[in-house]
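K.L.:
Take this structure, written in structure tokens, and hold onto it; I'll ask about it next.
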């Protein structure tokens, strides 16, 4: 398994403390907003600006080490799971996001009715619904005679 420094170098990026910290945080998993990432970086490195975190995330995304997702109506989120063409499911209630593996074994997962001459290599799909906690809460609210 490669270290963060080896991954950065292998992708043509300089090794810096902020890049290592962000890469480590993303590798822990989840779909994190920039503010969440910045807060965790500051806990490790003390003083890092939010702009520096944006810059690091941009560099990691361009290098293929991070993926930016933007569910409609939500701030951008970042994850370290890249290159496998997975999708996401988003809760309309609380905004929780979960990964959904591709529905077909090859990329792209879906074939559009028209390619307009594009050579397709990826599909980005967002499923929407209610997570179990929000669904339970909604059902409880409906049955509450108050």
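Where a number appears in this text, it was derived from the coordinates with a stated rule and is not lab data. Note that the structure is a prediction, hence the values are computed from the model and not measured. When we count neighbours, we look across all protein chains shown, and the Cβ atoms used for this are built from the backbone with ideal geometry, even at glycine.
K.L.:
With all pairs of different alpha carbon atoms counted, what Kirkwood hydrodynamic radius in Å does the range 1-82 show?
P.N.:
Evaluated on the range 1-82, it is 12.6 Å.
K.L.:
Same structure, new question: Any chance you could run the full-extension gain for residue 33 through residue 14? It's 0.36 nm times the residue separation minus the Cα-Cα distance, nm to one decimal.
P.N.:
Extra length available between residue 33 and residue 14 comes to 4.5 nm.
K.L.:
Can you say what percent of the DSSP beta bridges in the chain, counting only those with both residues inside, are antiparallel? Round to 5.
P.N.:
70
K.L.:
Please report, to two decimal places, log10 I(q)/I(0) for the chain at q = 0.09, 0.11, 0.14, 0.22 Å⁻¹ as given by the Debye formula with identical point scatterers on the Cα atoms and no solvent.
P.N.:
Values, matching the q order: -0.38, -0.54, -0.80, -1.32.
K.L.:
What is the gain in length, in nm to one decimal, between residue 55 and residue 136 on full extension, counting 0.36 nm per residue of separation less the C-alpha to C-alpha distance?
P.N.:
25.2 nm
K.L.:
Translational D (Stokes-Einstein, µm²/s) of the range 39-119 at 4 °C and 1.567 mPa s when Rh comes from the Kirkwood sum over C-alpha pairs?
P.N.:
Numbers: Rh = 15.3 Å.
Value of D from the Cα-based Kirkwood radius: 85 µm²/s.
K.L.:
Next question. Under the 0.36 nm per residue contour assumption, what length would be gained going from the current alpha-carbon distance of residue 43 and residue 72 to full extension?
P.N.:
Full-extension gain reported as 7.5 nm.
K.L.:
With the crude spin-label approximation of a point 7 Å out along Cα→Cβ, what separation in nm comes out for residue 5 versus residue 110?
P.N.:
It is 4.4 nm.
K.L.:
Averaged over every viewing direction, what's the projected area of the C-alpha convex hull for the range 84-146? Give it in nm², one decimal, please.
P.N.:
The number I arrive at for the range 84-146 is 6.1 nm².
K.L.:
Then there is this: Hey, what did the range 1-82 get for relative contact order, percent, Cα under 8 Å, at least 6 apart?
P.N.:
With pairs under 8 Å counted, the relative contact order is 33 percent.
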